[in-house]
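**Student:** Structure in structure tokens, see below.
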């Protein structure tokens, strides 16, 4: 026969008094000890002060005989103990609390008297109070009363033995709390749906090493969040998933997640089982950021696959003198692999390895080029690639040169490889392109030079890549302006 369940609602102070006075016991035989941290306590207090919902407290009522009963907390011991500690134990809300500003209304008081309007109605005023580092006694009287009057729901299992109450404790507490990564995901609610759509891509099912057992743990979502963070906000890199989630929620865009999605769709055609050691839960975000950054190289799918093969065979253990003769492998196997310094080093290593790989490949191709081929003049290059009449190019060449010099002085830091003489031809073509298409380059080149420190030796390829980058930059701006 089903046990009767009695429901009731009490003012929070009334309920806490019953717990404090042991009318309701918080020490049932199998009940776990108090284990909440301060962040959980803080959020519960905010829930009460903002009059939000708290699930019912579940009690078990033991029959003692002769119409006597003892009530035990079955589910809600952590909540009850936290609120008792705040109400009666001088608990101080920590400074790390989110949403610490509590809004409330209060009667307007002047000269010790309640203010009223011409119709004798009470005049109310809106107030705000920061509860950081405050105890219950330090709250405004209005908030103290709001806390005490909060209505808490209670469900009581009646006519129980202690054994039955123990079973109820086991049943109601048979759940698993959010882990740190799952909780971090709740902070990126603006883009949560996009992240989930990326997680469901075939790339994670068919490519690399992504164990299915990790998916329910929120690990895939973490990989996506870390990837977007490193691809678009490397200077603001955060080590902790929660901090990444909060930053992206405020500073990311749909375009950034769409770019990652497009990259993964492309890589799906390249990555297969033989690259499991590269595309895994630990390092994927590094590789995604690398290939996003290396869009400047204009690599074909075949060339990317060749680089991955060469990296896996030889380049992974190539040492770098500037990094104390460490290789990608030695840094990857060290401690602090999510530290910003380590991540930037790994990205820089991959970029250097990519440049070396492409340079070697270019040298092979150059062997087939006849030595008597004359290089293009700047004017010929602009004429052929920008599509401006050669006479007009000659006429405006001084303008292009002066404009480029001013542009570089204002946007590119001294020491950047973008300033090397071999790169000047494509930059001149970009200036000519900007005049032809009426495009502004200043903001774009500031952004571009901040995220790129290399260029293609093939100046046509470099020019086409910069045009694509400029157009993408303007598309993002147009979208943000809508």
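**Student:** Only one of (1) over 26 Å from residue 478 (Cβ atoms); (2) touching a residue at least 24 places away in the same chain (Cβ under 8 Å); (3) in contact with a helix residue (DSSP H, G or I) (Cβ under 8 Å, 6 or more places away or on another chain) is not met by residue 227, so which one is it?
**Tutor:** Against the list (1) over 26 Å from residue 478 (Cβ atoms); (2) touching a residue at least 24 places away in the same chain (Cβ under 8 Å); (3) in contact with a helix residue (DSSP H, G or I) (Cβ under 8 Å, 6 or more places away or on another chain), residue 227 comes up short only on (1).
**Student:** Scan (1) exposed (fewer than 14 other Cβ atoms within 10 Å of the Cβ); (2) without any contact (Cβ under 8 Å) to a residue 24 or more places away in the chain; (3) within 32 Å of the chain's Cα centre (by Cα) for the single condition residue 442 breaks and write down its number.
**Tutor:** Tallying (1) exposed (fewer than 14 other Cβ atoms within 10 Å of the Cβ); (2) without any contact (Cβ under 8 Å) to a residue 24 or more places away in the chain; (3) within 32 Å of the chain's Cα centre (by Cα), residue 442 fails exactly one: (2).
**Student:** Could you list all residues from region 198-216 that are out of contact with any strand residue (DSSP E or B) (no Cβ under 9 Å at 6 or more places or on another chain) and either surrounded by 14 or more Cβ atoms within 10 Å (Cβ to Cβ) or outside the structural domain of residue 281 (by TED's automatic domain parsing) (or both)?
**Tutor:** 198, 199, 201, 203, 204, 207, 214, 215
**Student:** How many of the residues in region 276-302 are at pLDDT 85 or above and surrounded by 14 or more Cβ atoms within 10 Å (Cβ to Cβ)?
**Tutor:** Residues in region 276-302 being at pLDDT 85 or above and surrounded by 14 or more Cβ atoms within 10 Å (Cβ to Cβ): 14 in total.
**Student:** Here's another thing I want to ask about it. Out of curiosity, is residue 177 at pLDDT 90 or above and surrounded by fewer than 14 Cβ atoms within 10 Å (Cβ to Cβ)?
**Tutor:** Against the criterion (at pLDDT 90 or above and surrounded by fewer than 14 Cβ atoms within 10 Å (Cβ to Cβ)), residue 177 does not qualify.
One line per residue, one yes/no per condition, for (1) touching a residue at least 60 places away in the same chain (Cβ under 8 Å); (2) touching a strand residue (DSSP E or B) at 6+ places or on another chain (Cβ under 6 Å); (3) more than 26 Å from residue 4 (Cα to Cα):
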| residue | (1), (2), (3) |
| --- | --- |
| 89 | no, no, yes |
| 96 | no, no, yes |
| 105 | no, yes, yes |
| 110 | no, no, yes |
| 122 | no, yes, yes |
| 135 | no, no, yes |
| 148 | yes, no, yes |
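**Student:** Could you tell me which of the residues 257, 291 is touching a residue at least 60 places away in the same chain (Cβ under 8 Å), assigned to a helix (DSSP H, G or I) and within 20 Å of the chain's Cα centre (by Cα)?
**Tutor:** Of the residues listed, the single one that is touching a residue at least 60 places away in the same chain (Cβ under 8 Å), assigned to a helix (DSSP H, G or I) and within 20 Å of the chain's Cα centre (by Cα) is 257.
**Student:** Here's a follow-up. Quick check on my filter: what residues within region 31-55 are surrounded by 15 or more Cβ atoms within 10 Å (Cβ to Cβ), more than 21 Å from residue 105 (Cα to Cα) and over 27 Å from the mean Cα position of the chain (by Cα)?
**Tutor:** Once the filter is applied, which keeps residues that are surrounded by 15 or more Cβ atoms within 10 Å (Cβ to Cβ), more than 21 Å from residue 105 (Cα to Cα) and over 27 Å from the mean Cα position of the chain (by Cα), region 31-55 yields 31, 54.
**Student:** Moving to a separate point now. Strands (runs of 3 or more DSSP E) wholly in region 1-98 with at least 2 residues that are under 21 Å from residue 136 (Cβ atoms) and assigned by TED's automatic domain parsing to the domain that holds residue 158 - which ones?
**Tutor:** Because the criterion is at least 2 residues that are under 21 Å from residue 136 (Cβ atoms) and assigned by TED's automatic domain parsing to the domain that holds residue 158, the strands (runs of 3 or more DSSP E) in region 1-98 that meet it are 5-11.
**Student:** Can residue 357 be described as crowded, with 16+ Cβ neighbours inside 10 Å and at pLDDT below 85?
**Tutor:** So residue 357 fits the description; yes.
The values are calculated or read from the model by the stated rules, or taken from the named source; none is laboratory data. Note that this is a predicted model, so its numbers are computed, not measured. A quick note on method: Cβ atoms are made from the backbone with ideal geometry, for glycine too, and the neighbour counts reach across all protein chains shown.
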